[in-house]
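Enquirer: After the structure tokens below, expect a handful of questions from me.
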Amino acid sequence: MPEGLTRQQLYDRIRETSKEEYILEEMVRLGFWSRDTDKPSIPEALIKQEGELNRQLNQLLSERSKYRDKKRLLVEMRKQRMAQAKAKRAETKKRNEQKRIERAAAWAEKKQQDIIYLGENVSAGLNKNQSDTAQLQKYNLPVWHSATDLAAAMQLPLGKLRFLAFNRSVAHQTHYQRFAIPKKSGGTRIISAPMPQLKAAQHWILENVLYKVSNSGSANGFVPGKSIVTNAIPHVGKDLVINIDLKDFFPSVAYNRVKGLFCKLGYSEQVATILGLICTEPEVDEVLLDGRKYFVAKTARVLPQGAPTSPAITNLICYKMDRRFEGLSAKYGYAYTRYADDMTFSAKGEAAAKAGQLLWAVKKVVAEEGFVLHPDKLKVMRKGDRHEVTGIVVNQKLSIDRTTLRKFRALLHQVELTGLAGKSWGKGNIIASMEGYANFVMMVKPEQGRALKTKLAAILSRADIKAEAQAMWKNEPPAEQPAMPPANPVAPPAPEKKTDDPWWKVV
């Protein structure tokens with residue numbers, strides 16, 4: 001056996017050629033076979049040719065065996081491809097699952113650090129979190145660029161802020177308690193009173209944003225330091241007084257308009273969206289299904305009647321309209337004031353004859369500003385009529401309707417004698433209505449009002465009246481607002497804070 005070769009290697013070499021050719025090579029190598037150097041001998045050539053033929057034959061036999069069973073070959077190839085594809089799918093699935101886990105973790109982390117979705121149709125723009133610092137400084141407003149900044153300023157967890165602002169078409173709970181109260185003109189008005197947590201947030205927005213922005217000089221309703229008295233004073237002693245009301249004032253102001261107001265003040269779209277959502281709410285239907293109550297939105301989001309932020313927002317939205325009316329009033333020689341949706345124009349002398357021109361221009365401005373005039377509440381009071389502005393008589397001086405005042409004094413006398421049974425004042429809770437009227441009188445006529453309030457307090461402090469009032473409260477719906485608008489405080493009371501809890505943890 002040649003050195004360095006194993007038995008198997010020896011067999012493989014013989015198999016590749018032939019036994020004779022291998023023996024010949026070994027004999028030549030070992031010197032046992034002499035050959036002519038110029039050309040091989042005949043036996044040597046025959047042996048090499050035989051070896052070459054054997055190699056070719058072996059190759060042909062190998063190819064033949066490979067293609068002898070095509071079906072088996074195809075099955076093997078298919079199995080191999082399927083195994084490769086399966087392994088590739090498993091690898092892709094594993095890689096995609098890892099990406100999904102990473103995305104979910106990133107999303108969860110982002111939700112903890114930012115607000116990126118607040119419901120359908122309101123979430124566009126939440127990625128824009130850069131406020132206009134110069135514009136905010138112009139209005140002396142605090143600078144918040146993002147939801148995180150706003151939550152920190154409100155001392156509110158980001159999740160709680162998201163909960164208060166989230167827009168749902170169908171929900172199991174609501175941020176508002178809704179009830180109907182009768183209107184003075186007939187029918188009912190739906191009041192949406194915010195729940196404590198949302199109400200506290202709205203008060204915070206009112207004090208830290210809305211009250212910092214100046215209103216027009218003609219706005220008197222719900223403006224710190226102003227009241228129905230300041231609204232009526234410019235119209236005292238005029239020959240012509242015109243009262244105009246806007247129809248569905250708060251519900252006519254949609255969410256997009258509120259959000260646009262906060263953007264105009266300089267806040268980023270993210271902050272403006274959150275503030276706008278907190279201050280608006282859709283009208284809802286209460287649906288009971290399978291014993292569970294659902295609140296289903298039936299309108300777009302609007303300013304709710306009853307939220308503390310609604311009046312201040314409308315004052316700012318009406319700023320341009322007020323300025324246009326101020327310009328019209330100066331042009332035609334009129335005085336103009338507005339208390340919420342109640343607008344008053346008055347004139348003296350020759351200017352009173354231009355009422356038709358003024359009203360035509362006013363209707364055009366109201367339509368252009370996105371509001372609708374109430375068709376039944378246009379009132380023109382000429383010379384000789386009783387001129388009344390937000391409940392105050394202004395013919396010669398600020399005064400109160402004498403007939404109504406006499407009736408109220410008579411009511412106090414009757415209640416003092418026979419109690420509350422069978423008595424009424426206004427269209428709501430009699431005690432709240434009486435207290436509201438006494439406050440109204442005190443604003444216009446301080447001495448008379450003070451005397452009425454003292455007498456009313458003495459009557460209501462009696463034990464029998466208290467017992468009767470408590471029995472009435474158990475069976476009556478929520479009290480109506482005072483018949484006459486009260487004076488505005490300098491600012492609404494801040495939500496009461498507990499010692500250990502932030503302001504939003506109210507019950």
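Enquirer: Could you report the chain's accessible area per residue, 1.4 Å probe, as an integer in Å²?
Expert: Result: 58 Å² per residue.
Enquirer: Can you compute the helix-only [θ] at 222 nm over the chain? Use -39500 (n - 2.57) per DSSP H run of at least 4 residues, normalise by all residues, nearest 500 deg cm²/dmol.
Expert: Helices in the chain give a 222 nm mean residue ellipticity of -15500 deg cm²/dmol.
Enquirer: While we're here: Report in % the part of the accessible area of the chain that belongs to carbon and sulfur, leaving out ligands and nucleic acids; probe 1.4 Å.
Expert: C and S fraction of accessible area: 53 percent.
Enquirer: To continue, here is another question. What size of dipole, in debye to the nearest 20, comes out for the chain about its Cα centre when the only charges are +1 on Lys and Arg C-beta atoms and -1 on Asp and Glu C-beta atoms?
Expert: My answer is approximately 1280 debye.
Enquirer: Which shape class, rounded, prolate or oblate, goes with the stretch 400-468 when its Cα gyration tensor gives a ≥ b ≥ c as root eigenvalues, a/c under 1.5 marks rounded, and past that a/b bigger than b/c marks prolate?
Expert: prolate
Enquirer: Hey, if you put +1 on the Cβ of every Lys and Arg and -1 on every Asp and Glu Cβ in the stretch 297-346, which of Ala340, Cys318, Thr299 ends up farthest toward the positive end of that dipole?
Expert: Thr299
Enquirer: Ignoring GluC sites (Glu not before Pro) that are buried or in helix or strand per DSSP, and keeping those with at most 11 other beta carbon atoms within 10 Å, what is the longest stretch of the chain between them?
Expert: Longest site-free region, per DSSP loop and neighbour criteria: 121-495.
Enquirer: Only Cα pairs under 8 Å and at least 6 apart count here; give the relative contact order of the chain as a rounded whole percent.
Expert: Once divided by the residue count of the chain, the mean separation gives 16 percent.
Enquirer: With no solvent and one point per C-alpha, what does the Debye sum give as log10 I(q)/I(0) for the chain at q = 0.08, 0.09 Å⁻¹?
Expert: Result of the Debye calculation: -0.68, -0.81.
Enquirer: Is the stretch 107-190 rounded, prolate or oblate when judged by the Cα gyration tensor, a ≥ b ≥ c being the square roots of its eigenvalues, rounded requiring a/c under 1.5 and prolate requiring a/b larger than b/c?
Expert: Oblate.
Enquirer: Separate question: Show me the ranking of peptides 196-203, 380-387 by mean Cβ neighbours inside 10 Å, starting with the highest.
Expert: 196-203, 380-387
Enquirer: Related question: With an 8 Å cut-off on Cα pairs and a minimum separation of 6 or more residues, tell me the relative contact order of the stretch 400-468 in percent.
Expert: With pairs under 8 Å counted, the relative contact order is 31 percent.
Enquirer: Using the reciprocal of the averaged 1/r over all distinct C-alpha pairs, how large is the Kirkwood radius of the stretch 44-196 in Å?
Expert: Hydrodynamic radius (Kirkwood, Cα only) of the stretch 44-196 equals 24.4 Å.
Enquirer: Under unit Cβ charges (Lys, Arg +1; Asp, Glu -1), what dipole magnitude, rounded to 20 debye, does the stretch 400-468 have relative to its Cα centre?
Expert: That gives the stretch 400-468 a dipole magnitude of about 180 debye.
The values are calculated or read from the model by the stated rules, or taken from the named source; none is laboratory data. Note that the coordinates shown come from a computational prediction; the quantities given were computed from them, not determined experimentally. With ideal geometry, Cβ positions are generated from the backbone for all residues, glycine too; neighbour counts draw on all protein chains shown. Note: areas computed on protein heavy atoms with side chains; ligands, DNA, RNA excluded. Shrake-Rupley method; radii C 1.70, N 1.55, O 1.52, S 1.80 Å.
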